[in-house]
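See structure below.
The values are calculated or read from the model by the stated rules, or taken from the named source; none is laboratory data. Predicted, not measured: the structure shown is a model, and the values here were computed from it. Note that we place each Cβ from the backbone using ideal geometry, even for glycine, and neighbour counts take in every protein chain shown.
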Amino acid sequence: MKRVSVQCRQLRLAYGPSEVLKGVDLDVAAGEFFALLGPSGSGKSTLLRLIAGFARHHSGELLIDGVDVSAKAPWERNVGMVFQSYALWPHLSVWDNVAFGLVERRTDKATLRQKVGAALELVGLSAYAQRRPNQLSGGQQQRVALARTIVIEPQLLLLDEPLSNLDKTLRVQMRQELLAMQRRLGLTTVFVTHDQEEAMTTADRMAVLDGGVVQQVGTPTTLYDSPANAFVASFVGTMNLLPGRLLGRDPQGLRLDVDGVGEWTLPLADAASPTDGGVQLRVSFRPHALRLEPAGAPRDARHLWMPGTVEAAEFVGEFTRYRVRVGTQALAVDQAHQAGRQGFPVGGAVSLALDTSQVRLLAD
Amino acid sequence: MTPSTAPAAGPAAGPHAGRAGAWRAVGPGVWLAGALVLTFLLAFLVLPVARVFYTAFVESDGAPTLGHFAAFFSQGLMQEAFFNSLYVAVMSALFAALIAVPLAYFTVRFDFRGALLIQTLGVLPLIMPPFVGAVALQLIFGRSGSVNLLLGEWTGVTLPIMEGLNGVIFVEAIHYFPFILMNLTVALRNIDGAMEEAALNLGCRGWRLFSRVIFPLALPGFVAGASLVFVKVFDDLGTPLVLGQTNLLAPQAYLRITQVGLEDPMGYVISVIMIVFSIAAMALSARVLHGKDYATTQKGGGSLQRRALTPAGSLAAYAWIVAVLLVVLSPHLGVLLLSLAKVWSFSPLPDAYTLEHYATVFHDGSGMIRNTLLYCGLAAGIDVLLGVTIAYLMLRTRLPARQWLDWIATASLAVPGIVLAIGYLRLYKGVTLPGSELLITGTWVMIMLAYAVRRLPYALRSCVAALQQLHPSLEEAAENLGATPLRSIRRVVVPLMAGGILAGFVTSFITAAVELSATLLLTSAESQAPMSYGIYLYMQSVAGRGPGAALGVLAIVVVAVGTYLSHVVVERTHSRFQPAAKDAVA
């Protein structure tokens, strides 16, 4: 199967006065599993529908395999899409649903039978060919929708929140099946989701959208470890974000004034860090970059230490998430859980240790 | 500053917000379809009615005038007709409500077997045209009808049920109460049980619970039903004519046009008044309903609590239901008896029975039966074609002013059949069929078109509902797999709408089959007469009553079978497309 790439160049789209896409630039490489992640209303679904041809951009270029497809109707694009609701036709059997696209392509009967059979085989539903879609479970419907799409051998596969209608266990299982199938077919795939876990576990690379603008593109690890801005930082995983001001650089590192907490000195090595005094920024670090110790515990020099008060504790299972008051700020702290270990009581005084190597400074 | 993973809720630009405009950038096919529909509506609805209005407001030389209206209100006869019509319509709605409200409440509130009986009650009257029942009711409740003969024998007192306007009110009330019953039942069913529990919790119960909480919540359903009854009765021509009550608006318009002639302005003035009242009643009900969508059932919430009836309550409920059932069934029974009776006069039951009326009808009336099937079949066919087209244009394209097609088509609900017929006769006066000498108003085509226009709203609503239930992604999926819009209409949209289309066809067909008011005016030769006209004609003479009743029985059978079929089809399509509850997880 030929692997194709997708390029978006300054795509703009507005419905009346509300701009949905404000100049989107995106490159999806051939054979990649690419996720579009964003909250509802971020424009991610619109972007997917634009690639499928159900919406039309007002300016910019949309290239599939290097060819501008802007003027092509949906039925001319050969881009397979799996809909959020699956959109299986209730008046047709599973077999006829899968055969639909081949009939439109005037495929001869023998080939059609062979291809539909193979597609159903691929998704493990050969035994269900004569059933109606409403006689299948959610996971089976999802597989039919997938079979119906890949049987036409599309140059590109689009998935619109395909897992959101499944319950949690099934979602994880389908996620793995989907990925395995994509790897086997080598089909360039664009996947829309609002679930960051889903995006991170499956995607080769992902783009975070908000307000019709691409906030950041990169591998899941890049986005998690080096978010480009506060939105990405808080949308991908949980992040402590403290507003502050840069005071200056001295031999020990950067000196910061963190709002409501006080002055910190961070031994930041990376040269990219800002150096001008007075710049407003946000100090960011993940909850697991903090460690809780009893108040008065011995302090080492590798960590930045501060006193705090436990305000709340949520036992999640693998860890306990505490909300700890430091100065006027509340910080999220994840503490790995081990059986038999006593937690910190709510209302108690604690000592917080911050691993300064995990701190990133973000532009405000 | 709280760390957060919660995605900011942005403005919800729904994924389908811009769908319609995407590729269906109004192509020539869409324009053509819209133009054809509009031409039909203009030619056979808007212009004829406009012509009626125009004629009512101008002198014979074309000068504008209000003189015709002044003349109308200065004639004692016309004033009387006007007030009689209002009186009959209001009283019919009132009596219909008296029958329907307790029945609706019983079905929703109490757990008893009568509920099924009531649902049957809800359909039975509608399957018979009221003017057919009128004759039978006269034989049963009239001055020398069965009931009064027996009453007079036993007690010496007789009830003037069928005297004068009472007769019209009685016939209309027992024919049209199902409109209130059905609307009110749905409204009551949609009330969230928590509404009642909240009231109970605050100490409100019994009659106060009903009058302060339950009835107000169901009011929109009641108003919708009652205004429909008002409009239907106000416009009805057949019943008063058959009962010999000519001093009402519709019969007056009919008599003016048929006896004085097409030039008499009074017929047009009456037409305008009837339309104005129809629109006023509908506007009033729309106003009352505005912003009062009380469908309060919440997700997962139950509806009103059902209670078991006490033995005494049960007895009372059954007594009421049986009484209503007897009255409601009496026209059916009466027509059946009449069609089988050799002689039936001044006796509670016919003196002797025969099948010869049916033989007469099959001998003389087969042409009428054929005509009814032809006209109604064609009219219903036109209706679903227009219905599907308008629904598609409205919901799936961005044709400018597409909503107007829906509004115009629906407006025909407010046009009484007789007004439409007068409009046709006037607008197409002297127009001949292309290539012949045949007057177009003298052909059956006009009857058929009047049926199509009058019943279009039913088919249209049915098609719109069917298309609304289709998620646009079903068509997008087809296009995504390579189907052009026309192919996706053929392979996905129409098959999935089939149930709705068929239901629309049947509804249009059966309601057209019992249409009398337009038929009376537009039938110009006996060879063109459909069944409804034939029944009316037979019923004019005492000798014709037997065959008339036999034809009536046939009409009832046709309508009943049609109603049942459409019910079955709708249920079946509905269940086929719903997820089967348990065996889904295979």
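Could you tell me whether the range A:273-291 includes any residue that is modelled with pLDDT under 90 and more than 23 Å from A:Ser226 (Cβ to Cβ)? Looking for residues that are modelled with pLDDT under 90 and more than 23 Å from A:Ser226 (Cβ to Cβ), one finds at least one in the range A:273-291, hence yes. Can A:Gln182 be described as within 22 Å of A:Leu48 (Cβ to Cβ), of a type outside the set (Asp, Glu), within 12 Å of another protein chain (Cβ to nearest Cβ) and in contact (Cβ under 8 Å) with a residue 40 or more places away in the chain? No; evaluated as a whole, the condition is false for this residue.
I'd like the full set of residues that are in contact (Cβ under 8 Å) with a residue 60 or more places away in the chain and either within 12 Å of chain B (Cβ to nearest Cβ) or over 19 Å from A:Val6 (Cβ atoms) (or both), limited to the range A:201-214.
Filtering the range A:201-214 down to residues in contact (Cβ under 8 Å) with a residue 60 or more places away in the chain leaves A:202-214.
Selection gives A:Val208, A:Leu209, A:Asp210, A:Gly211, A:Gly212, A:Val213.
All of (1) among the hydrophobic types (A, V, I, L, M, F, W, C); (2) more than 20 Å from B:Leu237 (Cβ to Cβ); (3) in a helix (DSSP H, G or I) hold for B:Ala89 with one exception: (2). The set of residues in the range A:60-78 that are in contact (Cβ under 8 Å) with a residue 24 or more places away in the chain and more than 7 Å from every other protein chain (Cβ to nearest Cβ) comprises A:Gly60, A:Glu61, A:Leu62, A:Leu63, A:Ile64, A:Asp65, A:Gly66, A:Arg77, A:Asn78.
Return a yes/no flag: does the range B:468-476 have any residue that is assigned to a helix (DSSP H, G or I), surrounded by fewer than 20 Cβ atoms within 10 Å (Cβ to Cβ), touching a residue at least 60 places away in the same chain (Cβ under 8 Å) and more than 14 Å from chain A (Cβ to nearest Cβ).
As a first pass, look at the range B:468-476 and keep what is assigned to a helix (DSSP H, G or I): B:468, B:472-476.
Still in the list and also surrounded by fewer than 20 Cβ atoms within 10 Å (Cβ to Cβ): B:468, B:472.
Narrowing the set further to residues that are touching a residue at least 60 places away in the same chain (Cβ under 8 Å) leaves B:468, B:472.
Within this subset, residues satisfying the condition of being more than 14 Å from chain A (Cβ to nearest Cβ) are B:468.
Yes - at least one qualifying residue is present in the range B:468-476.
Consider A:Asp25 carefully, then state whether it is of a type in the set (Asp, Glu), surrounded by fewer than 17 Cβ atoms within 10 Å (Cβ to Cβ) and in contact (Cβ under 8 Å) with a residue 12 or more places away in the chain. Yes.
Only one of the numbered conditions (1) more than 30 Å from A:Leu63 (Cβ to Cβ); (2) touching a strand residue (DSSP E or B) at 6+ places or on another chain (Cβ under 6 Å) is not met by A:Val190, and that is (1).
The set of residues in the range A:79-104 that are at pLDDT 90 or above, more than 21 Å from B:Ala498 (Cβ to Cβ) and within 8 Å of chain B (Cβ to nearest Cβ) comprises A:Val79, A:Gly80, A:Met81, A:Phe83, A:Gly101. Residues that are within 21 Å of A:Leu159 (Cα to Cα) and among the polar types (S, T, N, Q) within the range B:446-487 comprise B:Ser473, B:Asn480, listed in sequence order. Residue pairs whose Cβ atoms lie under 6 Å apart, sitting 6 or more positions apart in sequence or on different chains, and linking a residue in the range A:93-109 that is among the β-branched types (Val, Ile, Thr) to a partner that is in a helix (DSSP H, G or I), are A:Val94/A:Tyr128; A:Val94/A:Val144; A:Val98/A:Val116; A:Val98/A:Ala119; A:Val98/A:Ala147; A:Val98/A:Arg148. Please verify whether the range A:50-59 includes one or more residues that are buried (at least 16 other Cβ atoms within 10 Å of the Cβ) and away from every other protein chain (no Cβ under 14 Å). Taking every residue of the range A:50-59 in turn, none turns out to be buried (at least 16 other Cβ atoms within 10 Å of the Cβ) and away from every other protein chain (no Cβ under 14 Å). When B:Asn183 is tested against the conditions (1) assigned to a helix (DSSP H, G or I); (2) in contact with a Lys or Arg (Cβ under 8 Å, 6 or more places away or on another chain), the lone failure is (2). Entry remark, the range A:225-258: residues being within 10 Å of chain B (Cβ to nearest Cβ), touching a Phe, Trp or Tyr at 6+ places or on another chain (Cβ under 8 Å) and surrounded by fewer than 21 Cβ atoms within 10 Å (Cβ to Cβ) number 1 in total. Test A:Thr222 against the criterion of being surrounded by fewer than 18 Cβ atoms within 10 Å (Cβ to Cβ) and at pLDDT 90 or above, and give yes or no. In short, yes.
Filtered by the rule that a residue be under 14 Å from A:Leu352 (Cβ atoms) and over 28 Å from the mean Cα position of the chain (by Cα), the range A:309-323 gives A:Thr309, A:Val310, A:Glu311.
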